[in-house]
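Asks: Below are the structure tokens for one structure; questions will follow.
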């Protein structure tokens with residue numbers, strides 16, 4: 001994981017974003033936040049198993065479906081299967097060691 005602190009790249013409500021192989025952070029303090037880094041590490045794993053490009057295609061397509069479904073961008077974002085997996089397991093620091101391949105599928 002390559003951490004970059006670039007606050008101007010992020011929208012005001014976002015603390016970070018994972019863009020393979022980088023994790024872009026809003027501030028330096030996030031480098032010490034184990035829960036936040038675990039969340040972003042889960043996204044790196046998802047991106048790797050979908051060969052990166054397919055992750056972004058799926059993410060965008062699912063986001064559009066969820067926007068139509070919920071008529072709310074924040075709810076749509078929180079209900080993307082990738083985000084649901086990452087938020088669900090972000091507190092479980094050892095999750096990636098026991099995670100099964102394509103673990104996000106159970107959150108569809």
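The values are calculated or read from the model by the stated rules, or taken from the named source; none is laboratory data. Computed from a predicted model, the values in this text were never measured in an experiment. Here the Cβ is made from the backbone with ideal geometry for all residues, glycine too, and neighbour counts use every protein chain on show.
Asks: Restricting to segment 44-57, and then to whatever is without any contact (Cβ under 8 Å) to a residue 24 or more places away in the chain and in a helix (DSSP H, G or I), can you tell me which residue is nearest to residue 86 (Cα to Cα)?
Replies: Per the criteria, the residue is 56.
Asks: Still on this model: Determine which member of the set 35, 24, 68 is touching a residue at least 12 places away in the same chain (Cβ under 8 Å) and either in a helix (DSSP H, G or I) or surrounded by fewer than 13 Cβ atoms within 10 Å (Cβ to Cβ) (or both).
Replies: 35
Asks: Now for a separate question. On the given criteria, is residue 63 on the phi < 0 side of the Ramachandran plot and modelled with pLDDT of 95 or more?
Replies: Against the criterion (on the phi < 0 side of the Ramachandran plot and modelled with pLDDT of 95 or more), residue 63 qualifies.
Asks: Hey, another quick one. Quick one: how many residues across segment 81-107 are more than 12 Å from residue 36 (Cα to Cα) and exposed (fewer than 15 other Cβ atoms within 10 Å of the Cβ)?
Replies: Qualifying residue count, segment 81-107: 9.
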